[in-house]
Amino acid sequence: MKILVGYKRVVDYNVRIQVKPDGSGVVTDGVKLSANPFDDIALEEALRLREKGVAEEVIVVGIGPTDLTAHLRNGLAMGANRAIHVVTGDAVQPLTAARVFLKLIEKEQPELVILGKQAIDDDANQTGQMLAALWDRPQATFASKVEIADGKATVTREVDAGLEVIEAELPAVITTDLRLNEPRFIKLPDIMKAKSKPIDTIELGSLGVEAHDHLKTTHYAAPAKRSKGVMVKDAAELVAALKQKGLL
Amino acid sequence: MSKILVIAEHLDGKLNSSTARAVSAAVAVKGAAIDVLVLADNVDAIAAEAAKIDGVSRVLTVARAENAHPLAAVLAPQIAKAAAGYSHVFVPSTTFGKDVAPRVAALLGVAQVSDVMSVETAHTFKRPIYAGNAIITVEADASHTVVATIRSASWPAAGAIASSAPVEALTIDAALPTHTRFVELKQGSSDRPDLQSASKVVSGGRGVGSKENFDIIFKFADRIGAAVGASRAAVDAGYVPSDLQVGQTGKIIAPELYMAIGISGAIQHLTGIKDAGTIVAINKDGEAPIFEIADFGLVGDLFKIIPELEQALS
């Protein structure tokens with residue numbers, strides 16, 4: 001089995017996001033970039049499936065500018081067999097990303113595509129579902145457990161009501177939730193090994209997918225802040241205050 | 001004029017309050033006609049509830065055995081067909097809506113606006129990015145159907161009215177896939193209010209110390225009729241299951257009263273409670289960041305304070 005994994009580069013989750021004073025965007029210059037945490041989980045899951053003998057090949061896919069190569073090398077160092085770099089200087093919205101993945105699927109014929117449930121920059125939570133629709137295949141989103149057997153994936157999904165289990169015939173799209181696994185750390189020798197692994201480079205334009213902005217972002221603002229309230233001295237004062245507000 | 005189709009979310013034959021919240025967002029689109037679409041195996045009880053939501057013109061139903069469970073692959077083709085003639089499709093931004101709405105958008109070949117916090121115009125919306133650390137204004141193409149998920153925490157549930165909107169059965173000619181099958185739903189305890197929609201929530205954090213100690217949180221929540229939540233630290237430590245997690249990677253909630261007990265207030269947790277009405281923090285560390293955003297703070301040992309609270313209540 002061949003597995004395609006989406007591997008997006010985003011502003012590191014530890015960075016405190018700052019909105020530019022003129023509302024034109026968030027500050028990204030000189031800010032640390034890392035793999036989207038949900039994508040690291042996606043890659044880890046694919047690697048575990050390969051280690052279990054369920055899959056033979058794991059391919060990481062990145063869509064972005066020419067300097068994305070270094071990021072894809074991290075995916076290779078983590079253990080992917082090879083990488084595909086779809087090159088574009090433009091920001092790519094979910095529908096475009098899904099169309100790009102569909103083109104790659106037609107070429108690579110994977111049985112499984114694993115993506116993060118969302119990227120922590122735009123928080124859209126769309127690409128996997130859109131891809132499954134365009135591909136006309138099952139989707140198992142927000143996965144916290146994945147079992148592959150007999151041509152199907154049995155996936156436990158984290159839903160608001162609890163844990164839902166569904167069966168999806170392969171090929172299928174799975175999107176990862178936080179508790180699916182804990183991604184491995186990259187070891188130094190693996191970084192050396194990754195240097196000789198292949199990265200295919202494809203211009204986005206050559207796929208016949210146009211990267212146009214379906215949604216226009218016209219303004220960025222900092223969120224409204226909550227202000228610090230009052231400190232109460234004991235339980236009785238707290239209960240009195242909440243009762244006064246009609247909350248208890 | 002805008003015509004908005006709101007997709008009903010339901011479980012066990014009952015409408016989820018996220019639906020009435022999505023209707024509120026639809027009402028915010030000026031002059032819109034609002035229909036609610038119920039897809040289920042047994043639609044009657046759910047449709048009757050939806051018909052009483054203030055602002056709804058019609059309730060449309062699709063009763064099919066295949067709709068017994070909310071499988072996106074099965075529901076999306078039906079919603080995409082039903083969307084013909086509508087300018088907007090609004091879906092609650094819950095795990096249900098997040099699963100199905102992008103599939104609908106892709107079938108329609110349009111973009112999706114995720115997590116709508118406010119409606120500026122019929123095609124301009126505000127939504128959070130970077131876990132709510134920035135709010136963007138986005139413009140959708142007015143020549144296409146707008147598919148949007150509605151962030152429940154940002155919208156009050158539209159009220160109930162005495163009269164009922166008409167209910168009409170739809171026949172939708174859509175081929176439904178069989179490649180995706182529901183197996184089971186393991187629900188958490190259902191005798192407490194639902195965390196996502198509760199008006200009061202009591203959450204425990206790492207400070208609670210153990211799975212056994214968490215009983216004190218459950219007991220206190222029951223005492224005041226609140227839902228129970230937890231910080232990611234408490235979930236990761238195995239004190240409570242993950243469906244109780246409040247925060248960026250868990251549930252984003254907006255109860256009238258939120259009580260954070262033994263929670264230090266990591267950014268990722270605060271993201272999930274920003275829109276709460278009143279936040280109470282109880283923590284033994286007076287320097288904990290949770291106090292920076294709490295309306296009422298109380299420094300002390302939670303195991304001493306909770307019994308005192310119970311006593312003060314009786």
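One table, with the values for the structure above:
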{"read-out": "Residues within region A:211-235 that are crowded, with 17+ Cβ neighbours inside 10 Å and more than 7 Å from every other protein chain (Cβ to nearest Cβ), tallied", "value": "1"}
{"read-out": "Within region A:22-59, considering residues that are within 13 Å of chain B (Cβ to nearest Cβ) and not in a helix (DSSP H, G or I), the one nearest to A:I120 (Cα to Cα)", "value": "A:N36"}
{"read-out": "Residue in region B:261-282 that is surrounded by fewer than 18 Cβ atoms within 10 Å (Cβ to Cβ), in contact with an Asp or Glu (Cβ under 8 Å, 6 or more places away or on another chain) and within 18 Å of B:S199 (Cβ to Cβ) present", "value": "yes"}
{"read-out": "Which numbered condition B:L108 fails, given (1) within 19 Å of A:N125 (Cα to Cα); (2) under 21 Å from the mean Cα position of the chain (by Cα); (3) open to solvent by 10 Å² or more (accessible area, probe 1.4 Å)", "value": "(2)"}
{"read-out": "The listed residue being more than 8 Å from chain B (Cβ to nearest Cβ) and either of a type outside the set (A, V, I, L, M) or open to solvent by less than 10 Å² (accessible area, probe 1.4 Å) (or both), out of A:E158, A:E147, A:E167", "value": "A:E147"}
{"read-out": "Selection within region B:224-260 - open to solvent by less than 30 Å² (accessible area, probe 1.4 Å) and basic (K, R)", "value": "B:K251"}
{"read-out": "3 or more residues farther than 21 Å from B:Q187 by Cβ and facing chain A (nearest Cβ under 8 Å): qualifying strands (runs of 3 or more DSSP E) within region B:213-314", "value": "B:278-283, B:296-299"}
{"read-out": "Pair list, Cβ under 9 Å, 6 or more apart: region B:71-100 residue at the interface with another protein chain (Cβ under 8 Å from one of its Cβ atoms), other residue in a loop (DSSP other than H, G, I, E, B) and hydrophobic (A, V, I, L, M, F, W, C)", "value": "B:A73/B:L176; B:T95/A:A161; B:F96/A:A161; B:D99/B:L71; B:V100/B:L71"}
{"read-out": "Filtered residues of region B:284-299 (kept if within 14 Å of A:V232 (Cα to Cα) and open to solvent by less than 20 Å² (accessible area, probe 1.4 Å))", "value": "B:F291, B:A294, B:G297, B:L298"}
{"read-out": "Yes/no for A:L112 being open to solvent by 10 Å² or more (accessible area, probe 1.4 Å) and touching a residue at least 24 places away in the same chain (Cβ under 8 Å)", "value": "no"}
{"read-out": "Pair list, Cβ < 8 Å and 6+ apart or interchain, from region B:132-143 residues that are more than 7 Å from chain A (Cβ to nearest Cβ) to residues that are of a type in the set (A, V, I, L, M) and in a loop (DSSP other than H, G, I, E, B)", "value": "B:A142/B:A122"}
{"read-out": "Residue count, region B:194-212 (criterion: under 17 Å from B:G250 (Cβ atoms) and within 13 Å of chain A (Cβ to nearest Cβ))", "value": "7"}
{"read-out": "Meets criteria (at the interface with another protein chain (Cβ under 10 Å from one of its Cβ atoms), acidic (D, E), surrounded by fewer than 22 Cβ atoms within 10 Å (Cβ to Cβ) and out of contact with any helix residue (DSSP H, G or I) (no Cβ under 8 Å at 6 or more places or on another chain)) for A:D121", "value": "no"}
{"read-out": "Failed criterion for A:M78 (all others in (1) over 27 Å from B:I135 (Cβ atoms); (2) surrounded by fewer than 19 Cβ atoms within 10 Å (Cβ to Cβ) hold)", "value": "(2)"}
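Quick grid of which residues meet (1) in contact with a helix residue (DSSP H, G or I) (Cβ under 7 Å, 6 or more places away or on another chain); (2) open to solvent by less than 60 Å² (accessible area, probe 1.4 Å):
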residue	(1), (2)
B:F182	no, yes
B:L185	no, yes
B:G188	yes, yes
B:V202	yes, yes
B:V208	yes, yes
B:E212	no, no
B:I217	yes, yes
B:D222	no, no
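The values are calculated or read from the model by the stated rules, or taken from the named source; none is laboratory data. Quick caveat: nothing in here was measured; it's all calculated off a predicted structure. Every residue, glycine as well, gets a Cβ built from its backbone with ideal geometry; the counts of neighbours run over all protein chains shown. Surface areas here come from the heavy atoms of the whole protein model, side chains and all, with no ligands, DNA or RNA. Shrake-Rupley method; radii C 1.70, N 1.55, O 1.52, S 1.80 Å.
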